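Engineer: Structure below; questions to follow.
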Amino acid sequence: MTDPELAGRTYVEPLEPETLTRILERERPDAVLPTLGGQTALNLALALDAEGTLKRLGIELIGASPAAIRKAEDRLLFKEAMAKVGLDCPRSGHATRSTKRAAS
(Lines give C-alpha, C1' and ligand atoms only; values in the text may rest on other atoms or scores of the structure.)
Protein backbone atom coordinates (compact mmCIF):
# COMPACT_ATOMS: atom_id res chain seq x y z
CA MET A 1 0.00 0.00 0.00
CA THR A 2 1.43 3.38 -0.95
CA ASP A 3 -1.33 5.66 0.38
CA PRO A 4 0.19 7.50 3.38
CA GLU A 5 -3.29 7.88 4.88
CA LEU A 6 -3.68 4.08 5.05
CA ALA A 7 -0.13 2.72 5.18
CA GLY A 8 1.99 3.01 8.28
CA ARG A 9 5.12 2.43 6.21
CA THR A 10 5.92 2.49 2.50
CA TYR A 11 8.73 0.48 0.90
CA VAL A 12 10.24 1.41 -2.45
CA GLU A 13 12.10 -1.79 -3.23
CA PRO A 14 12.42 -4.24 -6.14
CA LEU A 15 9.33 -6.42 -6.46
CA GLU A 16 11.11 -9.74 -6.09
CA PRO A 17 10.44 -12.68 -3.75
CA GLU A 18 13.76 -12.14 -1.91
CA THR A 19 13.02 -8.49 -1.19
CA LEU A 20 9.44 -9.17 -0.17
CA THR A 21 10.60 -11.97 2.13
CA ARG A 22 12.89 -9.55 3.99
CA ILE A 23 10.03 -7.06 4.34
CA LEU A 24 7.67 -9.74 5.62
CA GLU A 25 10.28 -10.96 8.10
CA ARG A 26 10.60 -7.41 9.42
CA GLU A 27 6.92 -6.45 9.46
CA ARG A 28 5.41 -9.84 10.44
CA PRO A 29 1.88 -9.22 9.12
CA ASP A 30 -0.87 -11.71 9.94
CA ALA A 31 -2.02 -11.77 6.31
CA VAL A 32 -1.41 -10.36 2.85
CA LEU A 33 -3.97 -9.57 0.17
CA PRO A 34 -2.39 -10.27 -3.24
CA THR A 35 -5.56 -9.63 -5.24
CA LEU A 36 -5.08 -5.86 -4.96
CA GLY A 37 -1.65 -5.85 -6.58
CA GLY A 38 -2.42 -7.10 -10.06
CA GLN A 39 -0.40 -9.76 -11.84
CA THR A 40 2.80 -8.88 -10.01
CA ALA A 41 1.26 -9.46 -6.59
CA LEU A 42 -0.30 -12.76 -7.69
CA ASN A 43 3.05 -13.97 -9.06
CA LEU A 44 4.83 -12.92 -5.86
CA ALA A 45 2.23 -14.67 -3.71
CA LEU A 46 2.70 -17.90 -5.66
CA ALA A 47 6.49 -17.63 -5.38
CA LEU A 48 6.35 -17.03 -1.62
CA ASP A 49 3.97 -19.95 -1.22
CA ALA A 50 6.14 -22.27 -3.31
CA GLU A 51 9.25 -21.29 -1.33
CA GLY A 52 7.43 -21.96 1.94
CA THR A 53 7.96 -18.38 3.11
CA LEU A 54 4.33 -17.72 4.00
CA LYS A 55 4.03 -20.95 5.98
CA ARG A 56 7.36 -20.37 7.75
CA LEU A 57 6.30 -16.88 8.82
CA GLY A 58 2.70 -17.87 9.61
CA ILE A 59 1.29 -15.41 7.09
CA GLU A 60 -2.13 -16.11 5.60
CA LEU A 61 -3.09 -15.24 2.03
CA ILE A 62 -6.52 -13.65 2.04
CA GLY A 63 -8.73 -12.99 -0.96
CA ALA A 64 -7.42 -15.94 -2.97
CA SER A 65 -5.68 -19.20 -2.15
CA PRO A 66 -2.56 -20.34 -4.03
CA ALA A 67 -4.65 -23.12 -5.60
CA ALA A 68 -7.25 -20.62 -6.82
CA ILE A 69 -4.56 -18.34 -8.26
CA ARG A 70 -2.94 -21.28 -10.08
CA LYS A 71 -6.31 -22.43 -11.42
CA ALA A 72 -7.07 -18.96 -12.77
CA GLU A 73 -3.59 -18.54 -14.32
CA ASP A 74 -3.11 -22.00 -15.87
CA ARG A 75 -5.19 -22.31 -19.04
CA LEU A 76 -5.51 -26.10 -18.80
CA LEU A 77 -6.48 -26.07 -15.11
CA PHE A 78 -9.01 -23.32 -15.81
CA LYS A 79 -10.51 -25.20 -18.76
CA GLU A 80 -10.76 -28.39 -16.68
CA ALA A 81 -12.50 -26.48 -13.87
CA MET A 82 -15.04 -25.00 -16.29
CA ALA A 83 -15.74 -28.39 -17.87
CA LYS A 84 -16.12 -29.95 -14.41
CA VAL A 85 -18.96 -27.56 -13.54
CA GLY A 86 -20.62 -28.21 -16.90
CA LEU A 87 -19.71 -25.10 -18.87
CA ASP A 88 -19.07 -25.49 -22.56
CA CYS A 89 -15.54 -24.58 -23.55
CA PRO A 90 -14.34 -23.79 -27.05
CA ARG A 91 -11.97 -26.26 -28.66
CA SER A 92 -8.40 -25.15 -28.17
CA GLY A 93 -4.82 -26.29 -28.53
CA HIS A 94 -1.26 -25.12 -28.45
CA ALA A 95 0.63 -23.82 -31.43
CA THR A 96 4.23 -24.86 -31.75
CA ARG A 97 7.03 -23.71 -33.97
CA SER A 98 9.00 -26.34 -35.74
CA THR A 99 12.72 -26.22 -35.14
CA LYS A 100 13.49 -28.20 -38.32
CA ARG A 101 14.73 -26.21 -41.26
CA ALA A 102 13.57 -26.96 -44.76
CA ALA A 103 16.13 -28.62 -47.01
CA SER A 104 17.88 -26.12 -49.27
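The values are calculated or read from the model by the stated rules, or taken from the named source; none is laboratory data. All values derive from a computational prediction rather than experimental measurement. Backbone-built Cβ (ideal geometry, glycine too); neighbour counts: all protein chains shown. For the accessible areas, the whole protein counts, side chains as well, though only heavy atoms, and no ligand, DNA or RNA atoms are used. Shrake-Rupley method; radii C 1.70, N 1.55, O 1.52, S 1.80 Å.
Engineer: Here are some conditions: (1) within 30 Å of residue 92 (Cα to Cα); (2) within 13 Å of the chain's Cα centre (by Cα). Residue 76 meets all but one. Which one does it not meet?
Structural biologist: Result: residue 76 passes all but (2).
Engineer: Still on this structure, I have one more. Of the residues that sit in region 64-104 and are in a helix (DSSP H, G or I) and among the charged types (D, E, K, R), which one is surrounded by the fewest Cβ atoms within 10 Å (Cβ to Cβ)?
Structural biologist: Among those that are in a helix (DSSP H, G or I) and among the charged types (D, E, K, R), it is 84.
Engineer: Tell me whether region 28-42 contains one or more residues that are open to solvent by 70 Å² or more (accessible area, probe 1.4 Å) and over 26 Å from residue 71 (Cα atoms).
Structural biologist: Taking every residue of region 28-42 in turn, at least one turns out to be open to solvent by 70 Å² or more (accessible area, probe 1.4 Å) and over 26 Å from residue 71 (Cα atoms).
Engineer: When both residues are 6+ apart or on different chains and their Cβ atoms are under 8 Å apart, which pairs have a first residue that lies in region 22-47 and is polar (S, T, N, Q), and a second that is in a helix (DSSP H, G or I)?
Structural biologist: 35/41; 35/42
Engineer: What number of residues within region 43-63 satisfy the criterion of being in contact with a strand residue (DSSP E or B) (Cβ under 7 Å, 6 or more places away or on another chain) and open to solvent by 90 Å² or more (accessible area, probe 1.4 Å)?
Structural biologist: 1
Engineer: Would you say residue 5 is open to solvent by 100 Å² or more (accessible area, probe 1.4 Å) and at negative phi? If you could, list the steps in order and put the result at the bottom.
Structural biologist: Numbers: open to solvent by 100 Å² or more (accessible area, probe 1.4 Å): yes; at negative phi: yes.
When the stated conditions are applied, residue 5 passes them.
Engineer: Give the residues of region 13-27 that are surrounded by fewer than 13 Cβ atoms within 10 Å (Cβ to Cβ) and either at pLDDT below 85 or closer than 21 Å to residue 67 by Cα (or both), sorted by residue number.
Structural biologist: 16
Engineer: Confirm whether residue 35 is among the hydroxyl-bearing types (Ser, Thr, Tyr) and modelled with pLDDT of 90 or more.
Structural biologist: Taking the combined requirement at face value, the residue does not satisfy it.
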